[in-house]
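Quick notes on the structure that follows.
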Amino acid sequence: MKIIFILFILTISSLWTNETYSQIAQLNLRFENTKVSEVLREIEDQSEFYFLYNPRIIDVEKVVTINVEDKNINDVLPLILGEGLRYAIYDRQIIITQKNETLIPNDFQQKPLGVRSLIAELKNLFLV
């Protein structure tokens, strides 16, 4: 029983140490005076990301200039979106909303688990 428990913990811990797609995907963008909608479309073409937003709320006609090489999505999006907007990444989907909106359920936001919280979760699982 102890061997199975140890193997289970090792398997689970190796799964949590893997990087997510948003951490490893590298983007190269070079745009001058380009609409946000076109920049987001290029990100979708270069990567496996898919953006979800309401164009009536988000100003995708805003013009931006961006020049980045080998940057991940977390470095690029603040440059494109600017102030007043926020985003949440769930796997390969990116949801863009205004900062004052709460359209993203907490269940869908990525929360990295530390080793202590993982062990606590495993203890709760096996002690029940």
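Filtered by the rule that a residue be open to solvent by 80 Å² or more (accessible area, probe 1.4 Å) and part of a strand (DSSP E or B), segment 36-78 gives TYR50, VAL63, THR65, ASN67, GLU69, ASP70, LYS71.
If you check ARG56, ARG92, which single one turns out to be within 17 Å of the chain's Cα centre (by Cα) and of a type in the set (Lys, Arg)?
ARG92
The values are calculated or read from the model by the stated rules, or taken from the named source; none is laboratory data. Computed from a prediction, not measured in an experiment: that's the story for all the values here. Heads up: the accessible areas ignore ligands, DNA and RNA and are worked out on the full protein's heavy atoms, side chains in. Shrake-Rupley method; radii C 1.70, N 1.55, O 1.52, S 1.80 Å.
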